[in-house]
Amino acid sequence: MGIKAYVMETQGNEQITSHFKVKEFACKDGTPIVFVDDYLAIILNITRNIIKKPITITSGYRTVNHNAKVGGAKYSYHTRGMAADIKADGIKPKELAKILNEIVPNCCGIIVYDNWVHFDTRNTKYRKGV
């Protein structure tokens, strides 16, 4: 396991887990390379299995330039392929965050926003709004 690099042109439709493809983690600026942490994809897949509803990744990997453009943190986990902003129809962000917290109670970052949840695979535990 670890952070893997994918090429959108040839690997965009590749399944990373049973519920997620490479292209779902791609940077919105159209960059051809996508970085994805295996652990991130696995935790999102487990979450998807628990809620039994599709999870939409609104922001996955980001290039440094795109991250700055969208106002991301200077050293954002998104720029390393270690974060995803997610939402699921019919599930409030706070509920989704609680499920993630049950899966990884002692590590990772979970931040609740009005319409989505930021989840990252940092080694330490960080919670905001959960």
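The values are calculated or read from the model by the stated rules, or taken from the named source; none is laboratory data. Here the structure is a predicted model, which means the values were calculated and not measured. Heads up, the Cβs are rebuilt from the backbone with ideal geometry, glycines too, and the neighbour counts pull from every protein chain shown. All accessible areas refer to the heavy atoms of the entire protein, side chains included, with ligands and DNA or RNA removed. Shrake-Rupley method; radii C 1.70, N 1.55, O 1.52, S 1.80 Å.
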Sites removed, the longest contiguous part of the chain containing no DSSP-loop trypsin sites (Lys or Arg not before Pro) with at most 11 other Cβ within 10 Å is 75-130
On the accessible surface of the chain, probed at 1.4 Å with all protein chains in place, carbon and sulfur together account for a percent value of 51 percent
Here the gain from full extension of ASN45 to ALA73, 0.36 nm per residue of separation minus their alpha-carbon distance, amounts to 7.5 nm
Calculated from DSSP helices alone, with each H run of at least 4 adding -39500 (n - 2.57) and the total divided by the residues of the chain, [θ]222 nm to the nearest 500 comes to -7500 deg cm²/dmol
For HIS19, the accessible surface traced by a 1.4 Å probe with all protein chains present amounts, in square angstrom to the nearest 10, to 70 Å²
Within segment 4-82, DSSP-loop GluC sites (Glu not before Pro) with at most 14 other C-beta atoms within 10 Å are GLU14
Sorted by accessible surface (1.4 Å probe, heavy atoms of the protein chains only), largest first, MET1, MET8 come out as MET1, MET8
In units of 2.2 N^0.38 Å, the Cα radius of gyration of the chain is 0.97
The answer for the longest stretch of the chain without any exposed chymotrypsin sites (Phe, Trp or Tyr not before Pro) (DSSP loop, at most 16 further Cβ atoms within 10 Å) is 1-74
Rh_Kirkwood(segment 61-103) over Cα pairs, Å, one decimal, evaluates to 11.7 Å
Whole-percent tail of the Cα-Cα distance distribution for segment 57-130, cut at 17 Å, equals 40 percent
Computed over the chain, protein heavy atoms only, probe 1.4 angstrom, the accessible area per residue in square angstrom equals 55 Å²
Normalised per residue, the volume inside the convex hull of the alpha-carbon atoms of segment 1-70 in Å³ amounts to 85 Å³
